[in-house]
Amino acid sequence: MLKKKSFKRNYRFAIKSSFLISLFASLFGMISLRFFLKQDKNLVLLYGAIFFTSLFVFSFLVLQYRIERFIYSRIKKIYDDVALLESSSMVNQPIPTDMETLSRKVKKFASDKKLEIEMLQVREQYRREFLGNVSHELKTPLFTVQGYLSTLTDGALEDKNILKKYLERAEKGVERLIYIVEDLDMISKLESGELHLQISEFDIVVLIQSVIDMLEMKASKKNIKLVLEHNNKSVWVAADKDKLQQVIINLVVNSIKYGRDNGETEISVTGFTSKKILVRVADNGEGIEQQNIPRLFERFYRVNKSGSRSEGGSGLGLSIVKHIVEAHKQKIYVESEFGVGSEFSFTVDRANKYKLR
C-alpha cells in the first residue's frame, strides 16, 4: 500500500530552514569568537565558513529526514483510517514532502468527492422518480385489466354485451402494458448499443408524407390539420429508415396529443448545413412552460399528468426520440412558448451523393 509509494521530494522547506539555522548559529559563533575571545578576523571568517557549511549540511539532512518520516507516518495513518482514499486517484500519485502541496492535493480530493456525492444524490433522486413512475405506469393498466377480469369472473360472463365490452377494455390495458415494455426494451438496447442502426439512403419527404397519411385519422378526431411544408423536391438522407420513421411518428403524435382542437401541425424539411438537413415539427398547441423543458426527454416525464394518460401511450415517446436521434450522432432541439405552441427539430445526415460541396 503506502510502503510501495515513492516521494515526490521537495527540498525547499529543509533548505530554507537549514540556511536560517546555520546562518544564525554561524553569526552568533563568529561574533563570540571575534568580540569575546578576541580571535583574528581571518580565522573567525574561516571558522564561520566551515561551521556554516557543516551545520547547513547536517541540519538539511536531519530536517529532510524528519519531514519525510513525519509525512510518512501521518499519511500512512490517513491511508489506513480512510478507506475511500484507496480508490482515489491520490493513491497512484507520488506523495509530496511539502505540506502546502499535500494540502492542495487533499483539498482537490475533497472537492472531487463532494462533486461525486452530489452527482450520486442527483442519480439517486432520478432513480427514485424513475422507479415510482414505472410502478405507476404499470400499475394503472394492470389494475384496469384485473378489475374487468374480476368483474367477469364474479358472474358477468353470462351477459354477452358486458363480456365483449369488458374484454375489449381489458385488451386495451394489455396493449398499454405491451407498449411500455417494448419501449423500455428499445431504450435499454439503444443505451447499451445492442440495437444497431441499419443505415440506408431514402427520400425523407416521402417518409414524412407516409407518416401524415398514417396519422390523419387520429388528427381528424381533434380536427387538427397535418401540413407538410416543402418545395416539391426530394430530400435524400442517410439514416435508419424505420427508426427515423418512429421519431417522426412520436413527434407528430405528441403534437396531436397536446394540440388544440381545430389546430395545425406543420412538418418541414430545410437545409441546415452542407452535410445535414433539419426536420421540424411545429404545432400551435398549449405549449410548454420553461421549467418543464429541461426534463422533457426523461422517461415517463409528463407535462400534463392527467391529460396525457387519458390519451394513452407509454410515456416514453420523447425519450425514445432523443435516444434514436443521438444514436445517429445527431442533435434534437426544442423551442416552446406556453399558450402559443411548440417546435421540435432534429438534424439528419444528407445522403452522400446529395451532400453540397
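The values are calculated or read from the model by the stated rules, or taken from the named source; none is laboratory data. Everything numeric here is computed off the predicted structure, so don't read it as measured data. Because the Cβ atoms are built from the backbone with ideal geometry, glycine has one as well, and the counts that use them run over all protein chains shown.
When the residues of the stretch 183-203 are filtered to those that are among the acidic types (Asp, Glu) and surrounded by 12 or more Cβ atoms within 10 Å (Cβ to Cβ), the one that is modelled with the lowest pLDDT is 191.
Taking residue 180, is it part of a helix (DSSP H, G or I), in contact with a strand residue (DSSP E or B) (Cβ under 8 Å, 6 or more places away or on another chain) and either farther than 20 Å from residue 343 by Cα or β-branched (Val, Ile, Thr) (or both)? Answer is no for this residue. Scan the stretch 10-43 for residues that are part of a loop (DSSP other than H, G, I, E, B), out of contact with any Pro (no Cβ under 8 Å at 6 or more places or on another chain) and touching a residue at least 12 places away in the same chain (Cβ under 8 Å) and the total you get is 1. Residues satisfying the criterion are present in the stretch 77-98 (criterion: under 27 Å from residue 17 (Cα atoms), at pLDDT below 70, assigned to a helix (DSSP H, G or I) and more than 29 Å from the chain's Cα centre (by Cα)). Looking across the stretch 219-278, the residues that are under 28 Å from the mean Cα position of the chain (by Cα) and either part of a strand (DSSP E or B) or not assigned by TED's automatic domain parsing to the domain that holds residue 209 (or both) come down to 238, 239, 240, 276, 277, 278.
Per-residue answers, yes or no, for (1) closer than 23 Å to residue 188 by Cα; (2) modelled with pLDDT of 90 or more; (3) assigned by TED's automatic domain parsing to the domain that holds residue 270; (4) out of contact with any Leu (no Cβ under 6 Å at 6 or more places or on another chain):
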{"residue": "294", "(1), (2), (3), (4)": "yes, no, yes, yes"}
{"residue": "299", "(1), (2), (3), (4)": "yes, no, yes, no"}
{"residue": "302", "(1), (2), (3), (4)": "yes, no, yes, yes"}
{"residue": "306", "(1), (2), (3), (4)": "no, no, yes, yes"}
{"residue": "329", "(1), (2), (3), (4)": "yes, yes, yes, yes"}
{"residue": "345", "(1), (2), (3), (4)": "no, yes, yes, no"}
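Counting only residues that are touching a helix residue (DSSP H, G or I) at 6+ places or on another chain (Cβ under 8 Å) and within 30 Å of residue 319 (Cα to Cα), the stretch 135-171 holds 9 of them.
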